[in-house]
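The structure appears right after this line, and notes come after that.
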Amino acid sequence: MSGAEPVLEMRDVGVELAPLGGAARRITSDVDLALHAGRTLALVGESGCGKSVTALAAMNLLAPPLRLGTGHILLRTPGAAPRDLTRLSPAELRAARGGQLGMIFQDPMTALDPAFQVGEQIAESLRAHLGLSRRAAHDRAVELLQLVGIHEPERRVRAYPFQLSGGMRQRVMIAIAVACSPAVLIADEPTTALDVTVQAQILELLRELGARLGMATLLITHDLGVVAENADTVAVMYRGRIVERASAEALFTAPAHPYTRGLLASLPPLDGPRERLRPIPGQVPPAGVADADCPFVARCPEAMPRCLAARPALTAIAPEHEAACFLHATVAA
Amino acid sequence: MNTQLQVTDLRVHYPIRKGVFRRQVGAVRAVDGVSFGIAEGETFGLVGESGCGKSTLARAILRLQQPTGGTVQFRHRDGGEIDVTSLPAPAMRALRRDIQIVFQDPYSSLNPRLSIGMTLAEPVRAIEGVGSRERRARVAEALAAVGLPMEAARRFPHEFSGGQRQRIAIARALITRPRFVVLDEPVSALDVSIRAQVLNLLVDMQRERALTYLFVSHDLSVVRYLCNRVAVMYLGRIVELGEVDRMFAAPRHPYTRSLLAAIPRPQPRKIRPPLGVVGEPPGPLSVAGGCAFRSRCPHATGHCAAEPPVLRDLGNGDLVACHHAETLPATPRFVAA
């Protein structure tokens with residue numbers, strides 16, 4: 001990990017689900033993440049583990065019934081004092097989002113407005129955050145379409161979303177997200193809705209833009225192949241908590257948490273012999289956190305009595321490698 | 001080995017109509033002259049990207065979609081062959097006992113207002129006309145086979161997770177004791193850890209019941225794991241067909257090569273070979289003459305525009321539809337960084 005201070009830092013973030021007239025329930029807890037300039041952090045996990053609400057929390061974009069229960073989100077941009085997104089006024093937050101924080105959502109069909117030309121949707125952000133004139137914003141929108149690899153950008157800038165293919169729509173989403181050269185890019189399952197040959201092209205584009213613009217990227221995905229090829233560091237979430245954090249190299253070569261090992265063993269291999277898969281037993285748990293025991297104890301093949309008695313904390317097991325599991329705590333102790 | 005299912009020159013065309021008289025001005029060729037055979041006990045994979053016609057083909061084989069042309073020969077229990085495409089309705093209904101399907105989305109394929117017991121008993125009642133006592137026994141047996149408790153029969157779909165629902169959908173497909181099952185993206189909507197459980201279940205069911213599978217998927221790692229042979233589809237046609245290990249080791253069609261190169265692999269610090277494909281599939285409406293893949297193919301020549309390539313045998317039983325299959329450079333490999 002680089003020595004420089006992270007551009008975006010989430011500290012002890014916990015998200016709550018607070019339905020009207022109901023009791024609040026915690027969805028995530030103790031989430032600490034640090035995004036560094038020019039690097040990609042992948043957040044992986046299965047449905048309901050809390051990865052998408054963590055992405056929303058990173059931009060302080062949670063809407064009722066979701067809300068931030070605990071924690072701070074620190075944004076450090078060059079030439080400015082660090083700011084806590086949880087303490088900004090709505091106007092300051094609006095300026096940060098889209099300006100310093102860009103976001104790409106999973107489904108470009110629902111995230112783009114069907115009633116506006118894509119050029120207007122890109123220009124909107126440029127005019128709001130950079131104060132460009134209508135003319136200048138339009139010209140810049142054309143440049144951005146070119147940047148994200150859309151052919152004939154002068155023509156496409158006037159297209160409506162329905163006139164574009166899924167891959168091109170996702171390129172437009174990326175153009176909007178990077179329009180103001182944000183310091184941080186948050187991509188929530190950016191290629192899940194796309195075909196595999198298109199996915200490869202979009203991920204290539206994100207890697208290239210991340211390097212060229214020096215963005216700190218948070219990549220949310222359930223696809224371990226996408227993680228391996230795109231992430232510098234990885235955080236694995238289970239039941240609302242980070243259970244393992246490591247460099248991509250270490251996570252795939254020496255996975256420490258039984259959940260991470262189980263995920264990797266569940267993947268059908270692309271070469272070599274076809275042995276019977278070793279799935280994680282049981283069901284994917286519903287959203288929500290528990291404090292009394294290890295979140296994974298019910299499905300863990302290596303569970304011990306102490307896993308029921310207390311919850312293991314995320315602790316360092318090697319340089320740049322942390323896991324929340326008593327298997328490793330015993331070694332360290 | 002006996003052929004369980006033989007598809008010959010199958011076509012599904014949708015008319016395009018224009019003007020006040022709804023005159024037909026053209027056709028979308030969703031499936032355009034597809035032929036292949038599936039051996040008894042085999043798992044045959046059908047892969048391709050969205051819109052390539054793989055699901056339409058699967059539905060046409062089951063006659064959930066009436067084909068425009070071609071035949072589907074099915075080998076009956078008694079050894080006789082029948083053409084599914086021209087079967088009258090009562091005979092087709094009887095045949096549904098032998099030919100079943102599992103759909104992709106277990107949230108929309110189960111009726112939310114029927115208990116699991118009612119959902120499972122329905123095919124036994126409708127197709128086999130079995131009485132209620134035996135139906136209950138069959139439901140219990142089907143639930144046990146897919147690893148669900150007996151008391152699940154009284155519960156409703158919303159009480160189950162996605163993986164459990166897909167087990168129920170598999171139980172429903174297998175309860176009539178079919179010989180041939182179409183699996184249309186059966187694990188695509190499932191989480192990684194649950195996907196592996198369902199894949200193991202499909203393997204077990206096939207071994208215990210001597211099933212023949214047609215496995216439709218866009219996920220090549222799952223196809224490699226489950227299938228014996230694979231057909232790759234592009235815009236309504238098969239572009240390559242062959243034994244799975246051979247195809248993954250040495251794909252012959254440029255499209256198959258780019259599909260395989262595009263799979264994200266869970267191995268960090270590997271350099272991916274060049275994708276060898278640009279852009280996205282054109283819509284099925286914009287297919288002109290010649291090879292349908294030529295607009296994205298780095299190896300396309302004038303020959304590809306002039307004449308559509310036909311599937312041909314390269315000498316080992318594997319089929320490929322490319323004029324340049326013999327002269328393409330060797331397959332690029334993944335290399336360690």
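The table that follows gives values for the structure above.
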| read-out | value |
| --- | --- |
| Residue in region A:186-197 that is of a type outside the set (Asp, Glu) and more than 28 Å from B:SER217 (Cα to Cα) present | yes |
| Failed item, numbered, when A:ARG261 is tested on (1) at pLDDT 95 or above; (2) touching a strand residue (DSSP E or B) at 6+ places or on another chain (Cβ under 7 Å) | (2) |
| Which listed residue is facing chain A (nearest Cβ under 10 Å), within 30 Å of A:THR221 (Cα to Cα) and in a loop (DSSP other than H, G, I, E, B), from B:LEU190, B:LEU199 | B:LEU190 |
| Residue identified as in contact with a strand residue (DSSP E or B) (Cβ under 6 Å, 6 or more places away or on another chain) and buried (at least 23 other Cβ atoms within 10 Å of the Cβ) among A:ALA179, A:ALA187, A:ALA141 | A:ALA187 |
| Matching option when the condition is in contact (Cβ under 8 Å) with a residue 40 or more places away in the chain and in contact with a strand residue (DSSP E or B) (Cβ under 7 Å, 6 or more places away or on another chain), among B:SER50, B:SER55 | B:SER55 |
| Helices (runs of 4 or more DSSP H) wholly inside region A:152-227 containing at least 3 residues that are at pLDDT 90 or above and of a type in the set (Val, Ile, Thr) | A:166-178 |
| Residue count, region B:227-246 (criterion: touching a strand residue (DSSP E or B) at 6+ places or on another chain (Cβ under 6 Å), crowded, with 22+ Cβ neighbours inside 10 Å and either outside any loop (DSSP other than H, G, I, E, B) or more than 13 Å from chain A (Cβ to nearest Cβ) (or both)) | 9 |
| Yes/no for B:GLN104 being surrounded by fewer than 16 Cβ atoms within 10 Å (Cβ to Cβ), in a loop (DSSP other than H, G, I, E, B), touching a strand residue (DSSP E or B) at 6+ places or on another chain (Cβ under 9 Å) and not assigned by TED's automatic domain parsing to the domain that holds B:ALA292 | no |
| Residue tally, condition under 22 Å from B:ALA262 (Cβ atoms), modelled with pLDDT of 90 or more and in contact with a Gly (Cβ under 6 Å, 6 or more places away or on another chain), over region B:274-317 | 1 |
| Out of B:ALA126, B:ALA140, sole residue that is surrounded by 13 or more Cβ atoms within 10 Å (Cβ to Cβ) and touching a helix residue (DSSP H, G or I) at 6+ places or on another chain (Cβ under 7 Å) | B:ALA140 |
| Subset of region A:179-209 [among the acidic types (Asp, Glu), within 11 Å of chain B (Cβ to nearest Cβ) and free of Cβ contacts under 8 Å to residues at least 24 places away in the same chain] | A:GLU204 |
| Pair list, Cβ under 6 Å, 6 or more apart: region B:105-120 residue more than 19 Å from B:ALA137 (Cβ to Cβ), other residue in a loop (DSSP other than H, G, I, E, B) | B:ASP105/B:ALA189; B:SER109/B:PHE103 |
| Matching residues in region A:255-274 - criterion: being closer than 26 Å to B:VAL244 by Cβ and more than 10 Å from chain B (Cβ to nearest Cβ) | A:GLY272, A:PRO273 |
| Candidates B:TYR213, B:TYR255, filtered to the one that is modelled with pLDDT of 95 or more, out of contact with any His (no Cβ under 7 Å at 6 or more places or on another chain) and aromatic (Phe, Trp, Tyr) | B:TYR213 |
| Qualifying positions in region A:227-254 - within 7 Å of chain B (Cβ to nearest Cβ) and in contact with an Asp or Glu (Cβ under 8 Å, 6 or more places away or on another chain) | A:ALA248 |
| Subset tally (residues that are more than 7 Å from chain B (Cβ to nearest Cβ), farther than 30 Å from A:THR70 by Cα and basic (Lys, Arg)) for region A:275-306 | 1 |
| Residue satisfying condition, being more than 18 Å from the chain's Cα centre (by Cα), basic (Lys, Arg) and within 30 Å of B:GLY147 (Cα to Cα), within set B:ARG207, B:ARG257, B:ARG252 | B:ARG207 |
| Selection within region A:226-252 - polar (S, T, N, Q) and over 26 Å from A:GLN201 (Cα atoms) | none |
| Residue selected from region B:111-123 under the condition more than 22 Å from B:ARG209 (Cβ to Cβ) and of a type outside the set (Ser, Thr, Tyr), by the criterion surrounded by the most Cβ atoms within 10 Å (Cβ to Cβ) | B:MET118 |
| Filtered residue count, region A:44-73, keeping only those that are assigned to a strand (DSSP E or B) and surrounded by fewer than 24 Cβ atoms within 10 Å (Cβ to Cβ) | 8 |
| Criterion (small (Gly, Ala, Ser), in the same structural domain as B:ARG59 (by TED's automatic domain parsing) and surrounded by fewer than 23 Cβ atoms within 10 Å (Cβ to Cβ)) met by exactly one of B:ALA210, B:ALA196, B:ALA261 | B:ALA210 |
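The values are calculated or read from the model by the stated rules, or taken from the named source; none is laboratory data. Only a predicted model underlies this, so the values are computations on that prediction, with no experimental measurement involved. Because the Cβ atoms are built from the backbone with ideal geometry, glycine has one as well, and the counts that use them run over all protein chains shown.
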